[in-house]
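A.B. asks: What follows is a single structure, and I will ask about it in a moment.
The values are calculated or read from the model by the stated rules, or taken from the named source; none is laboratory data. As the structure is a computational prediction, the values presented were derived from the model and not from experiment. Note: ideal-geometry Cβ built from the backbone for every residue, glycine included; neighbour counts use all protein chains shown.
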Amino acid sequence: MKKLLSLFLAMLFVFGIVSFAQADDVIELNMYFPVSVGGGPDQLISALCDQFHEENPGIKINPIYAGSYADTTTKVMADIKAGNTPAIALMFSIDLYQLFSLDVIQDYNQYCVTEEDQAWLNGFYDGFMQNSRLPDGNGGYLTYGIPWQRSTIILYWNKEAFKEAGLDPEVAPKTWEELEDYALKLVKKDENGNVVRYGIEVPSDKAGYAYWMLQTFTLTQDHFNLMSDDGTEVYFNDPKTITGLNFWKHLSDIGAMPVAPKWANTRNDFVNGTIAMMYHTTGQLTSVKKDAQFEFGTSYLPAKTSWGSPTGGGNFYIFKGDNITPEMTQAAFTFIKWMTNNPDRVAQWSIDTGYVATRPEAYETERMIKYAAEFPSALTARDQLTEASAEFSVYDQKTVQDILDTAIEEVMTGLKDAETALNEAQQKADEILEDYR
C-alpha cells in the first residue's frame, strides 16, 4: 500500500514537473493599450487576447489598459527608460517619429518572409499607412506600425433637430457656408433667451485633440496639411491654417457653438440633445448608436474647397531592447498578425466599436455587408478614406503638439487672435524641429 502511495505521489510530482515545464514554455507578454472613446473597447481587447491564447496556448498576451493615448505613451516611455521595454504595445499612430528617433521600434518587413506575410503587410488601407511607415532610403518604405483601432473624423447630425429647425433631415451640410447656416438655425433657446441646444460642437481643449480638430479645417482646403511628409516641418502660420482656425472660432463668436467645447463632453452633449451636430471620431459610432434616443446621420466633413479629414487612432508596435528575446518578438508578431489578418475578426471589431475596419476585405464579409445594409453610417468613415490625410505627426511630437494645442486654446478662449497665436507657435516649433532637418 505504501509502495502504491509512493508511486502515486511520484507520478503526481512528475506530472507536476511536466506541468510547470509546459507553463515555463509559454511566452507571456504584457501589452499596454489606450482607450479614448466609449463603447467598451477595453473589454473587447481583453476578450480577443483570451481567444488568441486559446488558439495559441504557447503565447499569452496580458492586455493592460493604460488610460488615454498620452497616458499609454508615458507608461511605455517610462518602461523603456527603466530598461524594461515592452515587446509589444498598442499606441498612437502619431508616436511613429518619436519612437523611430529613439531607435526602439522594429520594422515589420524583416519578419514578412513569405508571400502570405507580404500580402498581409500590403493589405491595409493606404490612408492608414501614412502614419504607419517611413522611407527606407532606397525609394521604398518600411512599415513600423500595424493599423488596428483607426478612424477618421466625421460629422454627426441629429435628424430630429433638423426636422424641428425646418432642415431636410436626410441632408447634411456640405460646405462651410452651409455648416454655419445650419448651425445657426439649429440653435434653440428657452423663453428666457438661454441656449438649450447649440448647433454644433467641435472640441478644442488641450486635454482632448485640438490639433486633430484643426486639421479638419485645413484639410478641407485642398487637402492642406499642418506638417511635411517627413515630420520635420510644420505650417502653423500658413494662411490656410489661419483661415481654418478663424472659421472655427467664428462658429462660437456667432453663438452657433459654445465657447471652447471639451472633447470629454462632446459625445454626451450630442446624445443628450444639447447640440445638434458634432465633429467626432468614428470610434464613437457604436457608442452613439447605442445611446442616442433619436435618429442620427453621419457624413463627410463640410468642405471649403475640398473634402478632407485626418485619419486617427492606434497602431501595434513591436519594440527592441536588451530585455527582449527573438522569441518574444516572434510571439508579438504572431499575435498582431492574428488580430489583423482575419477579415471577420477585423469586421466584428469595427461593428463593435465604430472604428474603421483596416482591411478592404473586411467590408466584403457577410456580417459587415448585413450590418452596413441596416446601418449605412458604418461606411461613412471608410468611404471618406479616399479623401483622408495623415494625422498630425512630427519629431518630438509631444512638445510640438503641445505648442499647437496651446495656440488653439488661446484663440478659442479669446486670449489671442489666430494670426498672433499661430505665428508664435510656428517660431517655437521651428526652433525644436531644426535639429531634425
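A.B. asks: I'm checking my understanding of the structure. Among residues of region 78-108 that are assigned to a loop (DSSP other than H, G, I, E, B) and charged (D, E, K, R), which one is farthest from Y141 (Cα to Cα)?
C.D. replies: It comes out as D103.
A.B. asks: Looking at Q284, Q293 in this structure, which one is among the polar types (S, T, N, Q) and free of Cβ contacts under 8 Å to residues at least 24 places away in the same chain?
C.D. replies: After ruling out the rest, the residue left standing is Q293.
A.B. asks: Of all residues in region 329-353, which are touching a strand residue (DSSP E or B) at 6+ places or on another chain (Cβ under 8 Å) and among the small types (G, A, S)?
C.D. replies: Result: A331, A332, S350.
A.B. asks: For region 231-265, which positions are modelled with pLDDT of 95 or more and either more than 16 Å from L214 (Cα to Cα) or in the same structural domain as Y97 (by TED's automatic domain parsing) (or both)?
C.D. replies: G231, T232, E233, D253, I254, G255, A256, P258, N265
A.B. asks: Give me the residue from region 88-126 that is among the acidic types (D, E) and touching a Ser or Thr at 6+ places or on another chain (Cβ under 9 Å) and, out of that set, nearest to R359 (Cα to Cα).
C.D. replies: Only one residue tops the list, namely D107.
A.B. asks: Residues of region 53-69 being part of a helix (DSSP H, G or I) and either surrounded by fewer than 18 Cβ atoms within 10 Å (Cβ to Cβ) or of a type in the set (D, E) (or both), which ones?
C.D. replies: If the condition is that a residue be part of a helix (DSSP H, G or I) and either surrounded by fewer than 18 Cβ atoms within 10 Å (Cβ to Cβ) or of a type in the set (D, E) (or both), then H53, E54, E55 are the ones that fit.
A.B. asks: If you don't mind, another one. Find the residue count for region 344-371, including only residues that are surrounded by fewer than 20 Cβ atoms within 10 Å (Cβ to Cβ), free of Cβ contacts under 8 Å to residues at least 24 places away in the same chain and within 25 Å of K60 (Cα to Cα).
C.D. replies: Going through region 344-371 one residue at a time, the tally reaches 2.
A.B. asks: I've got another one for you. Please verify whether V104 is in contact with a strand residue (DSSP E or B) (Cβ under 8 Å, 6 or more places away or on another chain), in the same structural domain as G208 (by TED's automatic domain parsing), β-branched (V, I, T) and at pLDDT 95 or above, treating the condition exactly as stated.
C.D. replies: No; evaluated as a whole, the condition is false for this residue.
A.B. asks: What about E233, is it closer than 22 Å to E391 by Cβ and charged (D, E, K, R)?
C.D. replies: In short, yes.
A.B. asks: Answer yes if at least one residue in region 198-205 is among the small types (G, A, S), in contact (Cβ under 8 Å) with a residue 40 or more places away in the chain and surrounded by fewer than 16 Cβ atoms within 10 Å (Cβ to Cβ), and no otherwise.
C.D. replies: no
A.B. asks: Could you please tell me which pairs satisfy a Cβ distance under 8 Å, a separation of 6+ or placement on different chains, a first residue in region 53-81 that is in contact (Cβ under 8 Å) with a residue 60 or more places away in the chain and under 17 Å from A332 (Cβ atoms), and a second residue that is in a helix (DSSP H, G or I) and among the hydroxyl-bearing types (S, T, Y)?
C.D. replies: Note: pairs meeting the criteria are N56/T334; I59/T334.
A.B. asks: Separate question: Has region 357-379 got any residue that is β-branched (V, I, T), out of contact with any Phe, Trp or Tyr (no Cβ under 7 Å at 6 or more places or on another chain) and assigned by TED's automatic domain parsing to the domain that holds K159?
C.D. replies: The answer is no, given that none of the residues of region 357-379 is β-branched (V, I, T), out of contact with any Phe, Trp or Tyr (no Cβ under 7 Å at 6 or more places or on another chain) and assigned by TED's automatic domain parsing to the domain that holds K159.
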